[in-house]
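Notes for the one structure printed next.
The values are calculated or read from the model by the stated rules, or taken from the named source; none is laboratory data. Just so you know, these numbers come straight off a predicted model, no measurement behind them. Positions of Cβ are backbone-derived with ideal geometry, glycine not excepted, and every protein chain shown enters the neighbour counts.
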Amino acid sequence: MKSLESHPGYKEAVKQNTEFFRALRCPFSYAWWLVFRAPKLRRNRTRIVELLDLPFPRWQKMVLETLSWFEVWMHALEPIKNQIIQELESLRKARKEPIAIASIGCGGMELERQIIYQLVRKRFNFPLIFIGIDYAPASFEVANAKLKNLESRGLLQIKTISHLGIEELNALKAQAASHRFTVVLLKADAFDLKELPSNSLDLIYHTRLRHHLTAAEGREMDKLTAHLAQKLVELDDLFTIRGTIITSIFAWRFPAVLNGAIFSYLKDCCKKELTSQQKLGCNLGLHGRVFSCYLRVCAKAG
Ligand SMILES: C[S@@+](CC[C@H](N)C(=O)[O-])C[C@H]1O[C@@H](n2cnc3c(N)ncnc32)[C@H](O)[C@@H]1O
């Protein structure tokens, strides 16, 4: 953290994170931080920078691994997993060439691992390409380690690329035709995908990404996803005081995880904000009792 202190782009982030980790020294100072400092951060929430967004690959890896663990044990991906499987079932009926779907900010690809297991159980037998886009190198380390087992059993092939244009996409589709599942790890900024022609992908989705974007980036992301595919499926958490307190108790022994969980909660929308920003052509569902999240499905007209 010290190495970034003098960097103008990270000065405020270092201050926020240092204060948070100092507060974690004892439960009383953390309770003080939660009552007096957290509401201040929430009021200026577009300026919050969590540890995962700082250039520390070791911490990023740890946070992404633990996020996957949380998603497994809390069944935190169920709504989007079921929705994507439903979309794939209908795409399969309409398609002749391999289906290509993409996850923006894919992290450790826990969602794709769960989808693939379920599709294997359902005997889904149609070539399918999962493109995971993330700019954090740690995400591919975590995803590779997680999917290696499936690869060694011959259930999927993994490819790593750093650029995706229409030629690369067509080549991937041609190579995927003889495989059941292909996972493509694309190390890039999602906004680089702008150059792909409209509707290049069959489905686009993101989970727990929106709170990493500024309001302007969020609007850009909505334009980008609407350009890339007919349908977007999006999942993110909702801010609740109850969720913040329960997370603080359960993640108390894991400081880096607690940082990611609490800072991202503070950046998340609350239910009232979310329902007031209803988007045209989108269906919104609310899920989870203890840890609330939303699932939004947006389809383009025509
Ligand atoms: C909280 S993680 C969520 C990971 C995964 N989707 C999940 O739910 O487990 C957010 C991820 O988005 C990535 N990310 C944020 N902005 C991005 C961008 N513009 N392009 C690519 N990846 C991005 C981060 O590197 C991080 O891995």
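Quick notes
- When segment 75-97 is limited to residues that are away from the ligand (no atom under 11 Å from the Cβ) and outside any helix (DSSP H, G or I), the one that is farthest from residue 179 (Cα to Cα) turns out to be 75.
- Segment 71-124, residues that are free of Cβ contacts under 8 Å to residues at least 24 places away in the same chain and either in contact with a strand residue (DSSP E or B) (Cβ under 7 Å, 6 or more places away or on another chain) or under 30 Å from residue 255 (Cβ atoms) (or both): 73, 75
- The number of residues in segment 122-149 being crowded, with 19+ Cβ neighbours inside 10 Å and aromatic (Phe, Trp, Tyr) comes to 2.
- Residue within segment 198-207 that is within 14 Å of the ligand (Cβ to nearest atom) and either in a helix (DSSP H, G or I) or of a type in the set (Lys, Arg) (or both) present: no
- Screening segment 214-260 for residues that are outside any helix (DSSP H, G or I) and within 29 Å of residue 166 (Cα to Cα) and picking the one that is nearest to the ligand (Cβ to nearest atom) gives 235.
- Single residue of segment 40-65 satisfying the filter (within 10 Å of the ligand (Cβ to nearest atom) and not charged (D, E, K, R)) that is modelled with the lowest pLDDT: 52
To keep it simple, each residue is scored yes or no on (1) modelled with pLDDT of 95 or more; (2) touching a strand residue (DSSP E or B) at 6+ places or on another chain (Cβ under 9 Å); (3) of a type in the set (Lys, Arg).
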position	(1), (2), (3)
129	yes, yes, no
139	yes, yes, no
145	yes, no, no
155	no, yes, no
160	yes, yes, no
183	yes, yes, no
187	yes, yes, yes
191	yes, no, no
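- Of residues in segment 258-302 being of a type in the set (Lys, Arg) and over 22 Å from residue 228 (Cα atoms), the one surrounded by the fewest Cβ atoms within 10 Å (Cβ to Cβ): 289
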